[in-house]
Structure formats: C-alpha cells, structure tokens
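Notes for the one structure printed next.
Read-outs: derived from the displayed coordinates by stated rules, not from any lab. The structure displayed is predicted, hence computed values, not measured ones. No Cβ is skipped: glycine too gets one built from the backbone with ideal geometry, and neighbour counts run over all protein chains shown.
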Amino acid sequence: METNVIKEKISSEKGSCGCLTAADLDPCIIVIFGASGDLTARKLIPALYHMYLTGSLPEPVAIVGCARTPFSGDEFRSRMKEACAGNGKSDMSPWPEFAALLFYRQLAYDSEKSFRELAAYLDELDRQRGTGGNLIFDLALPPSLYPVVAGMLGRVGLAVQHNDNRGWSRIVVEKPFGRDLDSALDLDRTLHEHFQEEQIFRIDHYLAKETVQNILMFRFANAIFEPIWNRGFIDYVGIMAAEKLGVENRAGYYEQAGVIRDMFQNHMLQLLSLIAMEPPSHFASERVRDEKAKLFRSIRPFSRREGEVVLGQYGPGLLDGKEVRGYRQEPGVAADSLIPTFALMRFYVENWRWQGVPFWLVSGKRMAGKQTRIIIQFKEVPHSIFRDVLGEKVVPNRLVLGIYPEEGISLTFQTKNPGPRVCLRPMTMDFRYDTSPLLDAYEKVLLDCILGDHLLFWRQDGIEQTWRILTPILNECEHCQGRAQQLYPYPAGSWGPEAAREQVDKIRDRREVKSAP
Ligand code: BG6
C-alpha cells in the first residue's frame with residue numbers, strides 16, 4: 001500500500017481526540033518462519049493473541065507457523081497456548097477461537113520442494129479463508145537463513161507483489177542487518193533480488209515503543225520546545241539503555257556481535273536520530289526516514305583516538321543480592337573473550353543546530369538496574385541574578401524522556417523554597433504514561449506491517465549510514481594491538497567501568513529530584 005493511501009485511511013478514521021481509532025486492515029495470512037523458536041513463543045504469538053483480544057487483527061486472518069521441527073497442528077497450538085498463558089495476564093477464555101486461526105507446516109529451509117508445497121498450501125488456505133492473496137512472511141530466524149528463505153520465496157513465486165489488487169507480499173526481518181557495511185550491502189542485495197524496497201520491513205522494536213514514538217509528537221506537536229532545541233540552549237544529550245540481563249542463552253550470537261552491533265547500530269542511533277533530526281514536512285514514513293538519513297549523514301565517523309569511547313565487559317558480581325557469573329563464565333562464551341558488553345560513546349552531529357553539543361550514548365548488560373532514558377541537559381542561565389544573595393550555582397534545567405521503567409516525561413526547573421528565607425529548590429514536573437494501557441512493541445510492528453506503513457521500520461540508507469559511522473570504531477576495537485587493555489572490566493550489578501562512571505552518573509542522575517508533595 002502506498003504511503004498516501006495509508007495517510008488517507010488514517011485521516012478518515014480520526015476519533016474525537018485526533019487519533020487513529022480502528023483501521024480497515026487488509027485480510028492476510030501471516031507466515032512465521034522459525035515458529036518453533038523463542039521469538040515466536042515469547043513475542044510474536046502473544047502479540048498476535050493480544051491483537052485478537054483487542055479486536056486489532058484483520059478479518060479474515062490466518063497464522064501459519066513454519067519450522068523444521070515435526071509438530072502436528074495440535075502440538076503447535078498447545079505450545080503457543082502455554083506461551084500466551086505463561087505471563088498470567090491474558091484472558092485465555094477466547095483461546096479456542098484464536099487457536100482456530102493457527103496452522104503449522106514443517107519445512108526444510110533449503111528445500112525448494114518444501115517451499116513449492118508451502119506455496120500450494122498457502123494458495124489453498126487463501127481460497128478457503130478469503131485472505132485476498134495477501135501474505136506477510138516474518139523471518140523469526142537466525143540472520144544466516146535470511147538469504148536462504150528470501151531466495152526460496154522468490155523462486156517459488158511467493159515474493160510477487162501484484163499491482164492489480166490481487167494481493168501483496170511483505171517480508172519482515174529483524175536485526176542484525178549485517179555485521180558491517182559490506183555485509184549489510186550483501187544482505188540488501190539478496191533481499192532485493194526478490195523483493196522491492198516497499199515490500200521489506202526491517203524491525204527495530206525500540207521504534208515501536210510508545211514512549212519512543214512519543215518523541216516526535218513531543219518535539220513537533222508543541223511549539224515551546226523546538227526553538228530551544230539546539231546548541232544555543234542544550235549543553236549535552238545523554239541516551240542510556242542499561243540492562244540487568246546478561247547474555248542469557250544468546251552467546252553464539254553475542255560473541256559475534258558485542259554491544260556496539262547489538263545496541264548501538266540500531267536502537268541507540270535510532271533514539272539519537274529522533275532527538276536530533278530536523279522536522280520532517282509530513283508525518284509520513286518517507287519524509288521521516290529522509291530526515292533520519294540526513295541526520296545519520298551528519299554524524300562524523302570517529303576513531304577511538306579522536307572520540308570518547310569506553311568499552312567494558314562484566315565480570316562476576318552481585319545483582320539484587322545474588323551472585324551472578326561474569327561474561328566469560330557464561331555458557332558458550334570463550335574464556336578469553338574480548339567482546340564488549342558495555343560501551344560509552346560520545347557522538348557529535350556536524351550541522352548548524354548541533355555543532356559542539358556532545359551526545360553521550362551508553363548501554364551495557366548486567367548493570368545495577370534496567371534504565372532506558374534520554375536526557376536533554378540545558379545550559380545554565382547566562383547570568384545569575386541570585387549569585388550575590390545565594391552564592392550558589394543555579395542548577396540548569398533538565399528534560400528526561402523516560403522509556404523504562406518510568407515511561408514518561410519530566411522537566412526539572414528552579415522554584416523558590418517556600419518560607420521566609422530566599423533559597424532555590426529544583427522541582428520536577430512529571431508526566432507518566434503508566435496509567436494507560438500500552439501497545440506492546442511487537443503488536444505495533446505487526447499492525448504497521450499489515451497496514452503497509454514503513455514509518456517505524458529501518459530504511460536501507462539509514463542502515464548503511466549507521467554502519468559507516470560505526471565500522472571504523474569496530475575495526476579499531478577488534479583489530480587494535482592493545483585490545484585487551486582497552487576493555488575495562490566491571491562487576492555485574494554495577495553501573496559500568498570506573499573509566500565511564502562520571503558520565504554514566506550524570507546521565508542516570510543520582511541527584512534525581514522529587515516532585516512537590
Ligand atoms: C535487543 C538486544 O535488540 O534489545 C538485546 O538484542 C537487548 O540484547 C534488548 O537485551 C533490549 O530491549 P529492551 O526492549 O528490553 O530494552
């Protein structure tokens with residue numbers, strides 16, 4: 001579907017508060033490759049079930065799980081039921097109606113015969129269910145299988161995009177989109193052998209988080225912040241994604257990736273682009289993604305010597321009072337691994353708006369808390385009229401966009417402390433999201449894919465730009481002489497290596513100010 005059609009659809013469905021209330025979604029078949037895996041059970045099927053419960057799935061719809069494992073349809077449905085019931089939050093009474101939409105096909109990813117049989121099966125299912133020939137292929141698979149599956153879909157005619165209302169075909173891929181610029185280009189070439197760009201949906205689940213989407217609304221639907229959103233008023237920007245989780249059972253992937261590929265190439269740089277981009281002319285996918293690409297082009301790639309980069313790796317430590325092992329002791333991790341699990345990096349955006357303003361990005365695993373937030377630190381007042389009276393520094397304003405655990409926006413400013421004495425106290429004005437129900441990131445992603453809206457998905461030029469920025473640092477970190485000495489250890493359950501602590505403390509703000517009672 002073309003972007004202008006989506007926009008029309010959305011504008012004709014505005015509720016009284018200017019919201020998209022319910023969309024007229026095209027019927028479709030959603031095919032999940034990797035249906036016996038973790039992502040399907042943890043995220044995809046629970047998201048689809050929740051969409052069913054809230055009436056946001058198209059009608060008619062069918063969901064076909066595909067994997068190598070020889071499940072019967074009933075076995076697949078009962079595993080998925082367990083997965084959906086697992087969180088204890090979902091109402092399971094309508095499960096039987098949802099289960100009737102679920103199907104399973106065993107297949108071999110490298111067998112053209114399997115895919116021909118799948119094509120015939122989907123054709124028949126489409127006829128029975130009336131799904132209009134519309135197909136979504138979600139690749140919940142290791143990236144090494146993306147080219148294999150995309151190629152097979154192309155060869156058996158499942159990648160064909162009909163332009164005459166006889167149905168569309170879309171492919172959904174998850175990061176990592178390559179491991180450097182060259183491999184990202186290779187992956188893109190393979191996808192484009194069979195799919196056109198408008199058929200490809202590259203997921204970044206951070207973009208689908210409610211509070212992340214809110215950044216654009218906050219910046220561009222309010223007139224008061226944009227005039228001060230620049231180097232004249234902002235001292236620095238801090239973006240933090242700290243996690244308590246370690247590498248879990250993903251050592252195979254993480255040993256190849258490390259924190260820069262896992263978090264910076266995608267989520268962290270997306271957050272930076274939303275904060276720093278220029279206003280797009282319309283809230284439409286291509287316009288927004290044009291501005292992001294422009295922003296990525298303005299970030300100067302830097303080497304480790306020129307920029308500030310601190311890399312770290314967690315060792316054994318105490319997390320919530322419990323002993324946890326270090327990264328090198330995790331199953332599947334090499335005993336002498338030099339893969340970073342923490343990084344602090346300072347970026348500069350080279351344009352008129354941001355010249356000289358540092359963007360500090362920090363992310364790490366096994367840190368003392370899960371905290372995802374963006375801080376806009378404003379400058380001090382240019383001249384303090386209180387200096388003679390109070391002899392104290394006036395604490396500058398700070399805006400915090402909380403993504404996790406506080407989902408909301410806080411603005412800190414100075415007020416007079418009530419009472420006979422003249423003294424200032426910083427106060428925080430808080431907006432919290434947590435009272436309203438939030439749409440899970442995967443629900444939003446699937447919904448937008450059904451709508452054909454690319455706004456929350458990566459475009460290939462953005463991917464190439466982010467690799468262009470990060471590849472020099474990756475090369476330097478991975479091939480330099482003193483690699484081991486430049487990887488700072490930090491105990492699990494801490495806020496990262498000592499070498500990064502001052503900056504990390506500033507971003508997480510231990511002086512957190514409380515709201516007025
Ligand atoms: C994923 C990374 O993309 O994001 C994981 O691969 C990381 O390593 C996760 O744990 C963090 O996501 P969230 O939504 O929990 O902040």
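A few notes on this one:
- Cα gyration tensor, region 38-92 - rounded (a/c under 1.5), prolate or oblate: oblate
- Over 29 Å between alpha carbons, listed pairs Lys416/Lys506; Lys379/Lys444; Lys89/Lys370; Lys81/Lys444: Lys379/Lys444
- By other beta-carbon atoms within 10 Å, ranking Trp467, Trp168 with the fewest at the front produces Trp168, Trp467.
- FRET efficiency for the Phe220 to Arg300 pair, using the beta carbon distance and R₀ = 30 Å, is estimated at 0.70.
- The alpha carbon convex hull volume per residue for region 97-162 rounds to 99 Å³.
- The length gained on full extension between Asn417 and Gln355, counted as 0.36 nm times the residue separation minus their Cα-Cα distance, comes to 18.7 nm.
- With q set to 0.07, 0.12, 0.13 Å⁻¹, the log10 of I(q)/I(0) for the chain, from the Debye formula over equal scatterers at the Cα positions, is -0.43, -1.23, -1.41.
- Overall Cα dimensions of region 87-210, principal axis frame, Å, largest first: 49, 36, 31
- Residue exposure sequence - Thr69, Thr412 - by fewest surrounding Cβ within 10 Å: Thr69, Thr412
- In order along region 113-120, the phi-based Karplus estimate (6.51 cos²θ - 1.76 cosθ + 1.60, θ = phi - 60°) of 3J(HN,Hα) comes to 4, 4, 6, 5, 5, 4, 4, 5 Hz; Gly and Pro are listed as x.
- Between Val395 and Gln196, the simple spin-label model (points 7 angstrom out along Cα→Cβ) gives 5.6 nm.
- Prolate/oblate/rounded call for region 269-384, Cα gyration tensor, a/c under 1.5 rounded: prolate
- Measuring r between the beta carbons of Gln128 and Arg325 and using R0 = 41 Å, the FRET efficiency lands at 0.20.
- Cα-projected label distance for Met427 with Asp74, points at 7 Å along beta-carbon direction, nm: 6.5 nm
- With semi-axes defined as the square roots of five times the eigenvalues of the C-alpha gyration tensor, the equivalent ellipsoid of region 471-511 measures 26, 13, 8 Å, largest first.
- Evaluating 6.51 cos²θ - 1.76 cosθ + 1.60 at θ = phi - 60° for every residue in region 424-432, the Karplus couplings come out as 9, 9, x, 10, 10, 9, 10, 10, 10 Hz, glycine and proline recorded as x.
- Pairwise Cα distances in region 64-118 exceed 14 Å for 57 percent of all pairs.
- Ranking of Phe33, Phe342 by count of other Cβ atoms within 10 Å, fewest first: Phe33, Phe342
- Principal axis box of region 359-472, alpha-carbon based, largest edge first, Å: 62, 42, 31
- q = 0.13, 0.17, 0.19, 0.21 Å⁻¹, region 183-332: log10 I(q)/I(0) [Debye, one scatterer per Cα]: -0.86, -1.24, -1.36, -1.47
- Radius of gyration over Kirkwood radius for region 140-243, both on Cα atoms: the Rg/Rh ratio is 1.13.
- Centre-to-centre separation between the Cα atoms of region 19-94 and those of region 380-415: 46 Å.
- Spin-label model distance (nm) - Asp180 vs Glu478, 7 Å beyond Cα toward Cβ: 0.5 nm
- A protection proxy built from the mean count of other Cβ atoms within 10 Å ranks the segments 235-243, 183-191, most packed first, as 235-243, 183-191.
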